[in-house]
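Asker: Submitted below is the structure of interest, expressed as structure tokens.
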Amino acid sequence: MPRPLPMIEAPVRRILGVRVHDVTMEEALRIVDAFLAEGGAHQICTVNPEFVMHARRNLPFFQVLERADLNVPDGVGLLWAGRILNQPLRERVPGVEFMEALAARAAERGWRIFLLGAAEGVAARAATALRSRYPGLTIAGTFAGSPRPEDAPEILERLRTAQPDLLFVAYGAPQQDLWIARYQPELRIPVAMGVGGAFDFIAGVVPRAPRWMREHGLEWLYRLIQQPWRWRRMLALPRFVLAVLAARYGSGGTGAGAV
Ligand code: UDP
């Protein structure tokens with residue numbers, strides 16, 4: 001059973017059966033405060049339509065999302081689905097922005113952060129960018145590594161030595177989230193979160209969509225134009241839309257509980 005969220009009641013919603021918390025950015029930050037205060041090991045996932053479609057076919061990933069301490073709604077697609085399926089989600093909590101807000105908070109509170117993943121050198125560049133944006137931020141370490149099991153011993157050793165309070169893992173979903181779930185019981189890092197391509201954005205390796213596109217839910221289109229090789233993966237988006245509409249208007253009622 002997942003532990004209850006401390007202090008803040010974050011309602012659980014089901015989007016095509018996949019678990020997402022109805023939290024605002026501000027609430028998510030206060031929940032992280034509570035995780036740090038209570039100690040122990042926590043996992044945060046940033047759920048978007050690709051996660052939902054993947055979790056429906058990949059039982060281990062579905063189970064990681066069932067057990068995570070906090071699943072933030074990352075993306076306008078989830079809010080739309082929430083409205084259609086009567087599983088209201090109040091606000092997007094985009095992974096990159098959440099990571100930046102956590103870095104700002106880490107600088108204020110003295111939390112040590114570790115950036116694991118992305119291509120060689122990108123985590124270090126992202127760390128440099130974060131430190132210049134949030135003076136006083138303590139970087140416990142950066143390392144590219146890989147999600148391959150044979151690389152785990154070295155990564156675990158580095159993390160044990162660095163003793164971070166927050167660990168950001170950029171191996172893309174679902175590998176990063178499976179990796180965290182697999183190793184958190186031995187690492188026991190207070191908060192570990194999968195962040196997908198966030199280091200690439202923060203380091204400036206990949207440009208982010210302009211604000212107007214993000215605000216109009218068009219980030220996917222910008223990413224498709226920038227990184228056209230993503231088209232196959234992005235087929236998850238229309239499939240998500242169709243699955244949501246089928247769940248709502250097909251023969252199966254609201255679809256809120258359907259996996
Ligand atoms: N990545 C990695 N090792 C891997 C696979 C991916 O370091 O074996 C990194 C990749 O360099 C990128 C991130 O994981 O920085 C995944 O980015 P993507 O944009 O695909 O993730 P999304 O945000 O779509 O989940």
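The values are calculated or read from the model by the stated rules, or taken from the named source; none is laboratory data. For clarity, every value in this text was computed on a predicted model and none was experimentally measured. Positions of Cβ are backbone-derived with ideal geometry, glycine not excepted, and every protein chain shown enters the neighbour counts. Please note that ligands, DNA and RNA were not included when accessible areas were found on the heavy atoms of the full protein model with its side chains. Shrake-Rupley method; radii C 1.70, N 1.55, O 1.52, S 1.80 Å.
Asker: 7 Å from Cα along Cα→Cβ at both LEU187 and VAL241: what's the point-to-point distance in nm?
Answerer: 3.6
Asker: Something else: Treating only the Cβ of Lys, Arg, Asp and Glu as charged (+1, +1, -1, -1), what charge dipole size does region 126-258 show about its Cα centre? Round to the nearest 20 debye.
Answerer: In debye, rounded to 20, region 126-258 gives about 480.
Asker: Still on this structure, I have one more. Per residue of the chain, what 222 nm ellipticity follows from adding -39500 (n - 2.57) for every DSSP H run with n ≥ 4, rounded to the nearest 500?
Answerer: -14500 deg cm²/dmol
Asker: Work out, step by step, the length gained on full extension between ARG131 and TRP229: first 0.36 nm times the residue separation, then minus their alpha carbon distance; give nm to one decimal.
Answerer: 32.1 nm
Asker: Related question: Suppose we keep just the DSSP beta bridges with both residues in the chain; what percent of those would be antiparallel, to 5? Working shown, then result.
Answerer: On the way: 4 of 25 bridges.
DSSP beta bridges in the chain are roughly 15 percent antiparallel.
Asker: Ok, one more. Please get the size of the charge dipole for region 160-225, origin at its Cα centre, with Cβ charges of +1 on Lys and Arg and -1 on Asp and Glu, quoted in debye to the nearest 20.
Answerer: Dipole size: approximately 40 debye.
Asker: Hey, can you find the accessible area per residue of the chain for me, probe 1.4 Å, expressed in square angstrom?
Answerer: 46
Asker: Between ILE8 and GLU150, how high is the FRET efficiency from 1/(1 + (r/R0)^6) when r is the Cβ-Cβ distance and R₀ = 41 Å? Nearest 0.05.
Answerer: Step by step, r from the Cβ atoms, then E = 0.55.
Asker: Can you give the convex hull volume of the alpha carbon atoms of the chain per residue, in Å³?
Answerer: Looking at the chain, the number lands at 124 Å³ per residue.
Asker: For region 21-60, with all protein chains present and a 1.4 Å probe, just round the carbon and sulfur fraction of the accessible area to a whole percent.
Answerer: That share works out to 48 percent.
Asker: Can you compute the charge dipole magnitude of the chain about its Cα centre, using +1 on each Lys and Arg Cβ and -1 on each Asp and Glu Cβ, nothing else charged? Give it in debye, rounded to the nearest 20.
Answerer: Once rounded to the nearest 20, the dipole reads 640 debye.
Asker: Counting other C-beta atoms within 10 Å, and keeping those with at most 15, which DSSP coil chymotrypsin sites (Phe, Trp or Tyr not before Pro) do you find in region 190-252?
Answerer: Details: sites: PHE199, PHE201, TRP212, TRP220, TYR222, TRP229, TRP231, PHE240, TYR249; in loops: none.
For chymotrypsin sites (Phe, Trp or Tyr not before Pro) across region 190-252 that sit outside H, G, I, E and B with at most 15 neighbouring Cβ atoms in 10 Å, the list is empty.
Asker: Measuring from centroid to centroid over Cα atoms, what is the spacing of region 98-112 and region 153-203 in Å?
Answerer: Distance between centres, Cα-based: 16 Å.
Asker: Which of CYS45, MET213, ILE139 sits farthest toward the positive end of the charge dipole of the chain, with +1 on the Cβ of Lys and Arg and -1 on the Cβ of Asp and Glu?
Answerer: Of CYS45, MET213, ILE139, it is MET213.
Asker: How much length is gained if the chain between ASN58 and GLU26 is pulled fully straight, taking 0.36 nm per residue apart and subtracting their Cα-Cα distance, in nm to one decimal?
Answerer: Length gained, ASN58 through GLU26: 8.4 nm.
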